[in-house]
Amino acid sequence: MPEPAPETVDEIISPRWLIPMAPAGQILENHSVVIRDGRILAVLHNRELESRFTTTRHTRLDGHALIPGLVNAHTHAAMTLLRGYADDLSLDDWLNDHIWPVESKHVNSDFVADGSRLAIAEMLRGGITCFNDMYFFADQSARVAGDMGMRICIGLIVLDFPTLWARDAHEYMDKAVQVHDQFRTEPLVHTAFAPHAPYTVGNDALRQIAVYAEEMDIQIHMHLHETDSEVADSLAEHGLRPLARLKELGLLSNRLAAVHLTHLDDNDLEMLSTYGVHAIHCPESNLKLASGICPLKSLLEAGINVGFGTDGAASNNDLDLLGEMRTAALLAKGFSRDATALPAAQALYCATQGGANALGLGAEIGSIEVAKSADLAAIHLNELDTLPVYHPISSIVYAAGRRQFTDVWVAGRRLLEQGRLLNTDLTALSKTALHWQHRITAG
Ligand SMILES: [Zn+2]
């Protein structure tokens, strides 16, 4: 019997090291990823490749590691236009005296579209293929992400106070449902409710969000236990810590992705674990705002799923998830005084599959496995900054810089090629950033 002819596929990628993150820590050599219709059709040894598949696009990455695209599990993309606007302040002073006033003056649909474009370009160049956003005019962020081919989970923001986006909790809720419906057929746009924080959203709206999230089958993305004053104020106002209050309101479940969690007692930890709440750790934002330190080792030991986020560029001040991963690994060790806390492979897991799980997208992205979307990032390790390479995952987590990402694919479509962002005019992007700087500086 003649051998069957090899199947024609869209692209084959053959990296020096293939790091599927399924299971975490595995490193495959002499393996390739086969892509068809935006999905991973096969992960196989190179000796089987020729007889089974053929393509006009075979990408050989001889000095690279191929990893699942990084998932930035918490950001406010449009705030990239406020990078460096107000630094070296506590969260309260930063929000009340600087960020909220400037936002109330300038944030509109153009601000969000331009800021999101800038943020997405920065993230794609840094190996990020999906981000979990929380901001106003989320329809604009979704539109821009769609134009640029980036995967986004838009936060359907809810607050009790008026902004240019909505007047009160009712209008925020109406708009949330509207925006969700508007994008429900877009394969790269996902949605989550995004009640801003326990201190900015009242009980009625929170109760309603718990019910709607269940009906709409989407996640809830919320800042939680960010500072000690948030916890103290909640005790004073509600007689409960924020997590306990959310429990009463029916919000604790594996739909909830809780961002920050820097102030936790044993009871909080137990609740997070019992209800399967996801933790999103943003160490650099927490450090810069001196909010506190998330006890990552304790969270992981309690079996809580963890993803990493950069937070917005106004508080970080970059959208560098690779850097965030290193900070998280170092901080977990220093804070727990245990050098074995958050080893490199676990850090990379949190930055990929952990983040995907928190967004409710764990079956679609987060690892290089057959049938998942081909959201991939290639990082060049054969460079002075990372040579020699004894352990590729350690090289990525502890030594590499984000400029070493050379190629990025989202749903099989290449968006970054040999370090060059495709379909994006960087000169025009820079001009737009400066235009906003002048406008904001002028007041
Ligand atoms: Zn945030």
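Summed over the range 1-24, the residues that are assigned to a loop (DSSP other than H, G, I, E, B) and open to solvent by 30 Å² or more (accessible area, probe 1.4 Å) give a count of 10. What tally of residues in the range 305-329 results from selecting those that are modelled with pLDDT under 95 and away from the ligand (no atom under 16 Å from the Cβ)? Result for the range 305-329: 0.
Examine the range 288-297 for a residue that is assigned to a helix (DSSP H, G or I), more than 14 Å from the ligand (Cβ to nearest atom) and open to solvent by less than 20 Å² (accessible area, probe 1.4 Å), and state whether such a residue exists. Reasoning before the result, please.
So the first thing to find is which residues in the range 288-297 are assigned to a helix (DSSP H, G or I), and the list is 288, 296-297.
Of the ones still in play, those that are also more than 14 Å from the ligand (Cβ to nearest atom) are 296-297.
If we keep only those that are open to solvent by less than 20 Å² (accessible area, probe 1.4 Å) as well, we get 296.
Taking every residue of the range 288-297 in turn, at least one turns out to be assigned to a helix (DSSP H, G or I), more than 14 Å from the ligand (Cβ to nearest atom) and open to solvent by less than 20 Å² (accessible area, probe 1.4 Å).
Considering each residue of the range 149-172 in turn, at least one proves to be in a helix (DSSP H, G or I), touching a helix residue (DSSP H, G or I) at 6+ places or on another chain (Cβ under 9 Å), without any contact (Cβ under 8 Å) to a residue 60 or more places away in the chain and crowded, with 22+ Cβ neighbours inside 10 Å. Figure legend. Inter-residue proximity from the range 343-366: first residues without any contact (Cβ under 8 Å) to a residue 60 or more places away in the chain, second residues surrounded by fewer than 20 Cβ atoms within 10 Å (Cβ to Cβ) and of a type in the set (A, V, I, L, M), beta-carbon distance below 9 Å, spacing 6+ or different chains. Indicated pairs: Ala363/Ala371.
For the range 330-339, the count of residues that are away from the ligand (no atom under 16 Å from the Cβ), more than 30 Å from His98 (Cα to Cα), part of a loop (DSSP other than H, G, I, E, B) and open to solvent by less than 10 Å² (accessible area, probe 1.4 Å) is zero.
Listed here are the residues, each with its yes/no results for (1) open to solvent by 60 Å² or more (accessible area, probe 1.4 Å); (2) in contact with a Leu (Cβ under 9 Å, 6 or more places away or on another chain); (3) not in a strand (DSSP E or B).
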{"position": "Glu48", "(1), (2), (3)": "yes, no, yes"}
{"position": "Thr59", "(1), (2), (3)": "no, no, no"}
{"position": "Gly63", "(1), (2), (3)": "no, yes, no"}
{"position": "His74", "(1), (2), (3)": "no, no, no"}
{"position": "Asp88", "(1), (2), (3)": "yes, no, yes"}
{"position": "Trp94", "(1), (2), (3)": "no, yes, yes"}
{"position": "Trp100", "(1), (2), (3)": "yes, no, yes"}
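If you go through the range 213-229 and keep only what is surrounded by fewer than 23 Cβ atoms within 10 Å (Cβ to Cβ), charged (D, E, K, R) and at negative phi, you end up with Glu214, Glu215, Asp228.
The values are calculated or read from the model by the stated rules, or taken from the named source; none is laboratory data. In this text the structure is predicted, and so the values were computed from the model without any measurement. Using ideal geometry, Cβ is built from the backbone for each residue, glycine included, and neighbour counts are taken over all protein chains shown. Quick note on the areas: whole protein, heavy atoms, side chains included, nothing else; ligands and nucleic acids left out. Shrake-Rupley method; radii C 1.70, N 1.55, O 1.52, S 1.80 Å.
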